[in-house]
1. Taking the options A:L194, A:L112, A:L134, name whichever one is in contact (Cβ under 8 Å) with a residue 24 or more places away in the chain, within 24 Å of E:V66 (Cβ to Cβ) and either assigned to a helix (DSSP H, G or I) or under 22 Å from the mean Cα position of the chain (by Cα) (or both).
2. Which one of these is at pLDDT below 80, under 24 Å from E:A16 (Cα atoms) and within 7 Å of another protein chain (Cβ to nearest Cβ): B:L97, B:L39, B:L84?
3. So A:L156 ticks every box in (1) within 13 Å of chain E (Cβ to nearest Cβ); (2) touching a Leu at 6+ places or on another chain (Cβ under 9 Å); (3) modelled with pLDDT of 85 or more but one. Which box is left unticked?
4. So, E:A16, is that one at pLDDT 80 or above, crowded, with 24+ Cβ neighbours inside 10 Å and farther than 21 Å from B:A15 by Cβ or not?
5. Out of everything in the range C:628-666 that is of a type in the set (S, T, Y) and touching a Gly at 6+ places or on another chain (Cβ under 9 Å), what residue ends up being farthest from the other protein chains (Cβ to nearest Cβ)?
6. With (1) assigned to a helix (DSSP H, G or I); (2) crowded, with 22+ Cβ neighbours inside 10 Å; (3) at pLDDT 85 or above as the list, and C:A42 as the residue in question, which single condition is left unmet?
7. Among the residues of the range A:307-326 satisfying the criterion of being in a helix (DSSP H, G or I) and touching a residue at least 40 places away in the same chain (Cβ under 8 Å), which is surrounded by the fewest Cβ atoms within 10 Å (Cβ to Cβ)?
8. Pairs under 7 Å by beta carbon, first residue more than 10 Å from every other protein chain (Cβ to nearest Cβ) and touching a residue at least 24 places away in the same chain (Cβ under 8 Å) in the range D:14-39, partner surrounded by 11 or more Cβ atoms within 10 Å (Cβ to Cβ) and not aromatic (F, W, Y), six or more apart or different chains?
Amino acid sequence: MTLSGPLTFLLQLPLASAAGAADAFLERLPLVARDWVTSWLPEPWRWLVNSLLSIAVILSVFGLLFAYVTLAERKILGRIQNRPGPNRTPIPFTKLRFFGLAQPFADGVKSLTKEDVVPRGADHLLHFLAPVVLLAFSILTFAVIPYGRHLVPVELNAGVLYFFAAGAATELAVFMAGWASRNKYSLLAAMRALAQLISYELPLLLAWVPVVLVAGSLSTTEIVAAQAGWQFNVIPHWHVFTPWGAAGFAIFMIAALAESNRSPFDLPEAESELIAGHLTEYSGFKYALFFMAEYFGMIALSGMAITLFLGGWHAPSPYVEFIPSYVWFMGKLSALLLGFIWIRATFPRLRMDQLTRFAWKFLVPLALINLGNAAFWSLSFHWSGPFQILRWLISVLVVVGPFVLLGRKLSAGVAPRVYRYAV
Amino acid sequence: MSLDPLPLCLLFSSALFCLGLIGALARSNTILVLLGIELMLNAANLNFIAFWRYGPVTSPATGVMFVIFSIAVAAAEAAVGLALIIAVYRHQKNIRLQEANRLKG
Amino acid sequence: MSLSAQYLWVIPALPLVAAAIGALTPRSGRSLVAGAAIVALALSFFISCAALSTALANPAAHLTHNFTWFELGNDTVRLGWLLDPLTAFMCTMVTFVGTLIFIFSLGYMHEDENFKQFFCFLSLFAAAMLGLLVANSLLLLFICWELVGLASYLLIGFWFHKPSAAAAAKKAFITTRIGDLGFLLGLLWLYDSAGSLLLYDNGNGVLEATALGALGSAATVCGLSVASAIGLLLFCGAVGKSGQFPLHVWLPDAMEGPTPVSALIHAATMVAAGVFLMARVYPLLTPDALQVIAIIGAITALLGATIAVAQYDLKRILAFSTVSQLGYMMLAIGVGAPSAAIFHLLTHAFFKALLFLGAGSVIHAAHHEQDIRQLGGLSVKMKLTFATFAIGTMALVGVPLFFSGFWSKEAILHAAHATAGSHFPFYAALVGVVLTAFYNTRLIAETFFGHGRSHAAEHAHENSAVMTTPLVILAFFAIALGFLGTPVYPWLQARLSGETAVHGHSLLDGVGLLVLSSGLVALGIGAGFALYGRTLRLRTKATAPDPLAIAAPRTHAFLGDRLKFDELYAATFGVVNTFLATASDWFDRSVWGGIVHFLALLGEFSGTVNREADEQGLNAGFDATSEKLRASGQAYSRAQTGDAHGYLRFLAVGFVVLALVAILGGGA
Amino acid sequence: MLGTGLLQGLGVTAKNFVGSFHDPARLTTIEYPEVKTKLPEAYRNFPFLVTENATDPMGTLRCVACQICEKECPPQCIYIEKSKDKKPDATGKPQLFPAVFAIDTSVCMSCQICVEVCPFEAIKMDQVYEIATTDRFSALLLNREQLAKSNAYYHEIHPTEAAEVDARLAAERKAAEEKAAAAAAAKAAAAAAKASPVAKPPLTA
Amino acid sequence: MTAALVLIAVFTLATAAVALSLRNLIHSALLLIASWFGIAAFYLWAGAEFVAFAQVLVYVGAVSMVVLFAVLLTRRSRADTVIAPDSVARAISAVITGIAVFGVLGAAILNTSFARLSPAGVPPLPSGTGVSPVISAPTATVRDIGMQLMSTHAAALLIIGILLTVALLGAVVLAAQDGPESKQESP
């Protein structure tokens, strides 16, 4: 690779067309790097090393992301609560603090060196397997997300299905953890967690069905490709910018919050009330593994939300297409993770009955209606002129109407709390 | 013995079928009996896929279609079966299959 | 912006959706329902505008979209949508006036507890009316026609707790139904003779040459040609719906409904449906039929204006004026000027809606006082309402040159004058002009000038903007619309008759008639002023007698009782009907009842015989058989060990044995 | 409508987040070892002994070993041994002084009774809080030398209170001096009256 | 290629066999789930991607949960842990029956010539490329499956939908407790 590549690229920066963007140097940088690494190998072995390389890159990138998301979470929570957050951990053997950027590593070392306590009556094998299974399946889900124009680890025909099939196995791990602990509170908490996971699995699945319906494919790459293009060069054709897409995105994100046990749906492991629920009997590195798997799940679900609704790696406007696609992906991912943290900092935890009622009486009906809405949308794609406005109007009405009505039903009888005996 | 994939697949599926059968016959716990039956169903699905993959060309994806429907039916069967087990348990306080025989002639 | 006829269904569908929303929303969803109704109708208005521009681009064309509804044996029943200038103008008018009246209703019905239902019914009405307008099939038109009748029934009886309102609703429904019976008969006959009910169908529709030719060559019945008979039967429907003599009696009573309803249904749109129908099937009408229509119209015009002279209820006066104006429209159709009729229909829709909304504004302000004897002196207190009401009145009277009513009435008078048939309609129309001017002067004088003659009138005040804004908009159109069809540049008439070129002629061509009618208007106003305007100062009490009653008490009383039409009907049709009902009741009870009783006895006897035979003869054999069956069943049930494992094992072993037999026996 | 409250809540947290960057007044955290809070004046934890002079702490202790505090101390954490000899105190009067004065801070409950009962303003409450040690027994038993702190330090930590105490002490001293002077004058007058020719030198200068 | 099949088969059969012989119900259920994973792997091996993921989603995601809930909802009594005298005999007879069935089936399979069934011109299988399906093998993309579901098999799909709904309702009705305290949700 000579210097002229990047130079000419730099010259044509602002006017990079779609085809140009696909071949831009920065865009191809990861591929170039990979080919450079594998070039010394004999041809028959390259595919294996290529696969291993992608696995290694995914693990290291998302491992680091996990580490820093935990740090960011603590710092942002701190800022929201008017505290500075962790800022003291220095770089080892120095006094350089750098805002506590070494904190995740300190945490890692701490959890590695902690004593691993296993209850006497516990089922040792399952107790050990639970975090491993959870982590394994949450890493598996990373395989089908398109991280960039050329960065799809595995292109599956039924990629979305694969993603959620792998995600479904997390329930198993939760059950194993709760059961193997030989602690009735762990078991009860696992049951609650399972009830929550199963309840929210439904809206989660129903929320992406409209996308598949409109995009006409279960393949993640094709879903991303279906969202290419812009209106007036500023409004991207992302699914989130349609009425059903916006509703689907909201439902998906709410269900994702619940699926990844995040606040305000974090009562499976509500630390302040249930001593971490089904993780009660876990400590040390196993606990850290659970923690890691949950963050991986959160990151993977956000990545899937980006793929399904936020246009995947597409840039929001052709003027900024010169920024490589994987940067856009990571940017959107960070924004969503920030949203997760923000929501955690804001909302109080739901009660168990509120949680299940919210899923079954609110999200599931809305998701079903949204499915019909998407069907209407894809059937009315040829409407034009005044009918285009009518189409939007109907679609928005189908979103807003049920939302308002069901919302009224849901919040009936719930009013701001009145402290009757307080003056 | 040939090493063609089709007979191998069929042998595999019949072995799984017999395992399910043995399990269903030998165990007295109704849940395990049900799981044995699930295994037998799965063995049948294996056959569909094997014939779809290696059998004579029929209309595309018929085998896959069969399996999809079969999985759906199996899911329904499992749900109803386990609900029945719970109902039986509530009735006789255990789930041994050989004790659930009060309706005999 | 253009619109294909294929999508014409959207225009009625939108209010229908709003009606559905209204029906499905709980009572608390007031704003949602009202908002949906108004937004839906406004959207319909925009789409109607698109339809209008499409239709005007090629006014001679009848754009249709037909489809098969269902098939019955060899017959297919087909429905369709039709887009031509007539439909487009009417749709635009209905949606526009309707939207304004919906908005007005927001204010007028604000305190009503059934606010939600009101908007639901209004939307239903609008949907039915628009469906009627876009229909390309007389069958579909008839369906919507009946739906309009239903909505009208619901809305007249909206305050059903008032016995008078309930009775008025019933009366309106039944009276129009009498006309609809004729309509239905006409439809059936037409279907029988033309083989289709589609209006335009690529040359096969009933309004097109083939069918018309077939009808014209059909045999005569009782001295009437088939075409005339069908036309008159269809006219029966229009008589009922448009309140023509002799079925006009329901329309004044319909004023029991809320005022916006009166404005929308009984002035602007629904009653115009009859005129619309006649204009729509105009090609079908023979000269004989037209002659009848013209005479009926003339009688109605005269009758309505005459009765209106002696009424006291504000809305009732307006109702009779509506009857009278509808008579003018029918008259115009009868003398062969359907475009003049539609022109008058459009202008009338605007100024009559304006008048009714103005009346509504007065009534709302005066705490639901409708008696003009109780009002008075409102011109000072309600300036905006007065101004717009006066504009509406002048349009109705036909004050020369500046008001829409003048030009449309002028067109009708010209047509009536030029007709080859009888000149009775023309003279009736001229008398009607005088009377119209007279009673309108009386109305204005009594309501707005002089002293407030009751507590309510003295304490009236102007209404909120939501009610007055529609008035202003309508007043603008009550003036402006007339200039679409002046003799100098009769754009509207040309478009309606399918011409792209406009052939105007100078005003001086018919200046005699122009001057005559202006003079008649002046005469009417002068007489009204002489009789009422001058005596206003003297009358400060509501009990003061009407000047006309002083001048001619018996005539006045007779007019006040609406020429005793209701009594006449009660004494004739009512008595006959009662007798028939009593007779059939007796017939039902004794004759048919006796036969039924006898049959029942017969059945009971045979049942007893049957039972005895069954128990004694057949059952013995069956008992023995079932005993055997039970025994064998018990024997088989022993195999039912209840051991599920056993069954399964039995199955497996059976399979092995069978497979072995198959393998060994088959010789694999 | 459902959700408006949620959005308001998000708004509140976002405001806090942004505010914590540009509005230092929001951040209430003190980064402790580097930065310390200013203690309120009335803050107190363990007693110390006041000395008049920092250069000679043991020589200028106000304490006269009267043992009132030792008796009054509810947990009995004060141990005092009187000196055998006397030395002049602030007013110049010869007084006993504590040969041993020890406070067991692991027992002390910071009740301030010792301070209240001390007639000599000799024991006051301190404001130290970084006194954790690795030795549970001997390092927590503070002896006379560890307890003695100068009056200047007292002024530093409790300025108003110290000023009052000083004023009171000065007044007492002045009263004592005046009394002494008056006594001296009276004695001198008496002496003069008794033996007018011979003038004796006064006892105190 | 064949090696992969054998590996999958051995894994599936082994987990299934162990699962059915264990006394700990939870362990058997979890092992059975592993066995179901093996079956999903077989589908992947055969190129039926969609079915494989559906298998995982349905069996691992749903059926396993139902099984585990059922296990937990039916606590075993003391009597169950004792090996009943008749169970040994039943086990032996079961094994004999199973082996007999397997023998018959196996004999039938081995004695059948499948060569004439196989489509002509199947190229030799490339080896060592993991689980990628053969190029000329029948493919069933998701789109194909969707099209077929909505056209040829639309009626079956509807019936399956009704069946699932009825099964769900039936399961709830069966498992729900009678009486006023029937708050327990069916999983």
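The values are calculated or read from the model by the stated rules, or taken from the named source; none is laboratory data. Computed from a predicted model, the values in this text were never measured in an experiment. Every residue, glycine among them, receives a Cβ derived from its backbone with ideal geometry; neighbour counts consider all protein chains shown.
1. Only one candidate passes the filter, namely A:L134.
2. Exactly one residue qualifies, and that residue is B:L97.
3. (3)
4. Details: at pLDDT 80 or above: yes; crowded, with 24+ Cβ neighbours inside 10 Å: yes; farther than 21 Å from B:A15 by Cβ: no.
No: the conditions fail for E:A16.
5. Step one: of the range C:628-666, the residues of a type in the set (S, T, Y) are C:632, C:636-637, C:641, C:647.
Next, only the ones that are touching a Gly at 6+ places or on another chain (Cβ under 9 Å) stay: C:636-637, C:641.
Working: C:Y636: 7, C:S637: 3, C:T641: 5 Å.
Here the residue is C:Y636.
6. Of (1) assigned to a helix (DSSP H, G or I); (2) crowded, with 22+ Cβ neighbours inside 10 Å; (3) at pLDDT 85 or above, only one is false for C:A42: (2).
7. Once the filter is applied, the top-ranked residue is A:Y319.
8. Matching pairs, first to second residue: D:L39/D:Q127.
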